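The values are calculated or read from the model by the stated rules, or taken from the named source; none is laboratory data. Being a predicted model, the structure only gives us computed values, none of them experimental. Note: ideal-geometry Cβ built from the backbone for every residue, glycine included; neighbour counts use all protein chains shown. When the accessible area is computed, the model is the full protein with side chains, heavy atoms only, and any ligands, DNA or RNA have been set aside. Shrake-Rupley method; radii C 1.70, N 1.55, O 1.52, S 1.80 Å.
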2 protein chains.
Amino acid sequence: MVIFVASKNPHKIQEIKLVTPDHVILRPIESDWTVEENGETFLENSVLKAIEYGKCVGGPVLADDSGLSVDALDGFPGVMSARYLEGASYREKMESILELMKNVKNRSAKFVCCATYYDPNKPFLISVQGEVRGYISEEIRGEKGFGYDPIFIPEGYNKTFGELGEDIKKHISHRAVAFKKLFEILSSLGLI
Amino acid sequence: MVIFVASKNPHKIQEIKLVTPDHVILRPIESDWTVEENGETFLENSVLKAIEYGKCVGGPVLADDSGLSVDALDGFPGVMSARYLEGASYREKMESILELMKNVKNRSAKFVCCATYYDPNKPFLISVQGEVRGYISEEIRGEKGFGYDPIFIPEGYNKTFGELGEDIKKHISHRAVAFKKLFEILSSLGLI
């Protein structure tokens with residue numbers, strides 16, 4: 001079966017593909033479709049994207065909203081992760097986060113992903129969250145992954161996601177956890 | 001366990017109670033909480049209510065959006081069912097529908113209910129739909145039920161929901177179908 005993915009981000013789509021059952025074919029957005037992500041939580045934005053894109057394609061869709069949440073910054077940048085310092089590169093965004101964390105001892109943080117499946121024909125919608133806990137590194141490290149990966153060290157490791165790359169991320173990342181959970185439920189309900 | 005219900009309508013809550021597992025206690029809204037139901041579909045309004053009310057109470061909530069959809073009227077009143085002729089009584093609303101259906105041979109219609117569960121703490125959200133197909137009667141009949149029940153004859157019966165009442169509705173109504181489906185999934189996921 002084919003499921004459309006409400007994302008234009010090739011990194012996201014690749015990470016979802018790595019945990020998608022073999023018989024499910026993911027198809028990214030091909031249009032100029034966009035939606036205002038004005039929700040207060042990852043779940044709200046993920047649901048919003050799934051509903052709007054589901055109406056657009058008229059069939060089952062997946063959506064993802066995700067971000068970095070730093071404990072010492074009260075969860076910042078959180079749902080603002082992608083829009084923080086709008087227009088700036090991720091290197092600039094990471095430098096800014098490291099600056100905010102200068103001399104901060106509590107470096108604990110988490111990556112959060114909310115994964116949503118919506119079929120407008122049944123209709124049916126389900127939204128689950130996945131997390132990975134870890135720490136903000138002292139400097140930017142690694143070229144793999146994307147987004148804030150080079151400043152995030154997952155618990156149990158001493159390298160950043162930017163150094164570890166998809167071989168590790170496909171097992172423990174927030175996105176892997178969320179979509180595995182989602183696909184398990186969809187499979188148990190006979191929907192995929 | 002206690003689940004709050006994002007509704008002030010005692011009829012709705014009673015109908016949900018009739019299909020709720022014994023160990024789940026439903027608690028209606030006690031505050032002045034209200035939400036603008038500006039979605040295009042039952043699912044959107046149901047999800048909107050669940051998310052807003054879930055944030056308000058900080059724990060698991062149920063929400064319901066439902067309505068009558070008349071085939072010959074292209075699905076009208078649909079998501080507008082409660083707001084159709086705002087301020088008018090349901091007797092006036094039903095009289096208006098019967099007037100629109102005067103001399104219309106195709107009287108097929110359906111009642112639709114979208115049931116949503118949202119737990120802001122996990123977070124987790126699931127939304128399912130239930131329907132009952134039937135016909136619009138020639139006149140208003142029966143005092144039981146609520147809303148448009150007295151002009152809706154479910155398939156396989158020759159009486160309206162207004163005449164049949166909750167003994168039948170708890171088995172076949174759109175709300176019973178939707179919430180039974182929802183509780184079955186929540187139970188299979190170990191959430192209730």
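Considered as a group, the residues in the stretch B:36-59 that are more than 22 Å from B:L186 (Cα to Cα) and without any contact (Cβ under 8 Å) to a residue 24 or more places away in the chain include one that is least open to solvent (accessible area, probe 1.4 Å), and that residue is B:N38.
When we screen B:R91, B:R107 for residues that are loosely packed, with under 14 Cβ neighbours inside 10 Å, in contact with a helix residue (DSSP H, G or I) (Cβ under 9 Å, 6 or more places away or on another chain), modelled with pLDDT of 95 or more and not acidic (D, E), the only hit is B:R91. Pairs are defined by a Cβ separation below 7 Å, a sequence spacing of at least 6 or placement on different chains, a first member in the stretch A:89-105 that is within 12 Å of A:Y148 (Cβ to Cβ), and a second member that is among the β-branched types (V, I, T) and assigned to a helix (DSSP H, G or I); the pairs so defined are A:M94/A:I151; A:I97/A:I151; A:L98/A:I151. Return a yes/no flag: does the stretch B:53-75 have any residue that is of a type in the set (D, E, K, R), assigned to a loop (DSSP other than H, G, I, E, B) and farther than 18 Å from B:G134 by Cα. There is no residue in the stretch B:53-75 that is of a type in the set (D, E, K, R), assigned to a loop (DSSP other than H, G, I, E, B) and farther than 18 Å from B:G134 by Cα. Taking the criterion of being closer than 17 Å to B:V70 by Cβ and either out of contact with any Lys or Arg (no Cβ under 7 Å at 6 or more places or on another chain) or touching a residue at least 24 places away in the same chain (Cβ under 8 Å) (or both), the residues of the stretch B:142-157 that qualify are B:G147, B:Y148, B:D149, B:P150, B:I151, B:F152, B:P154. Counting only residues that are open to solvent by 10 Å² or more (accessible area, probe 1.4 Å) and in contact (Cβ under 8 Å) with a residue 12 or more places away in the chain, which one in the stretch A:112-122 is nearest to the other protein chains (Cβ to nearest Cβ)? Per the stated criteria, the residue is A:P120. Is one or more of the residues making up the stretch B:18-25 more than 10 Å from chain A (Cβ to nearest Cβ), of a type in the set (S, T, N, Q), open to solvent by less than 30 Å² (accessible area, probe 1.4 Å) and under 17 Å from the mean Cα position of the chain (by Cα)? Yes - at least one qualifying residue is present in the stretch B:18-25.
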